[in-house]
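Please read the structure below before turning to the comments.
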Amino acid sequence: MSNRTSLERQLGEAKTRLDAYGKGVADSERKDPIWRNLRAKVRSITNRLNALSAVEQRDADLAAAKAAAE
């Protein structure tokens, strides 16, 4: 399983847990520690997925530059 596949699976599970908790974004819910923890996990995994995308793009650009140099 690739890193992207693993992260996408983890993100789906985290979003499911957040939805199952069943709260939105009202001010009183922002103070709820369970909601904050679940939301933090979603944010963390999303940031990791975005970083992976940047690395994949950098690797693709590098491969293209090497191919052009040959």
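Each value in this text was obtained by applying a stated rule to the coordinates, not by laboratory testing. Predicted model only: the values in this text are computed from it and were never measured. Cβ atoms come from the backbone with ideal geometry, glycine included; neighbour counts cover every protein chain shown.
Placing a pseudo-label 7 Å from each Cα along the Cα-to-Cβ vector at E56 and A20 gives an inter-label distance of 2.7 nm.
Dividing the helix sum by the residues of the chain, where each DSSP H run of 4 or more adds -39500 (n - 2.57), gives a mean residue ellipticity at 222 nm of -29500 deg cm²/dmol. For the chain, the longest principal axis of the Cα atoms and the long axis of helix 33-69 meet at an angle of about 10 degrees.
With Cα extents along the principal axes in Å defined as stated, name the option among (i) 51, 29, 23; (ii) 60, 25, 13; (iii) 34, 25, 22 computed from the structure displayed. Label (ii) holds the value from this structure. Relative to the longest principal axis of the Cα atoms of the chain, the long axis of helix 3-21 lies at roughly 10 degrees.
Potential lengthening of the chain between R48 and T5 amounts to 14.3 nm, from the contour at 0.36 nm per residue minus the alpha-carbon distance.
Taking Cα pairs under 8 Å and at least six residues apart, what relative contact order does the chain come out at, in percent?
Values: 23 pairs, mean separation 26.9, N = 70.
Reported relative contact order: 38 percent.
Once both labels are positioned 7 Å from their Cα atoms along Cα-to-Cβ, the gap between A65 and R36 label points is 4.3 nm.
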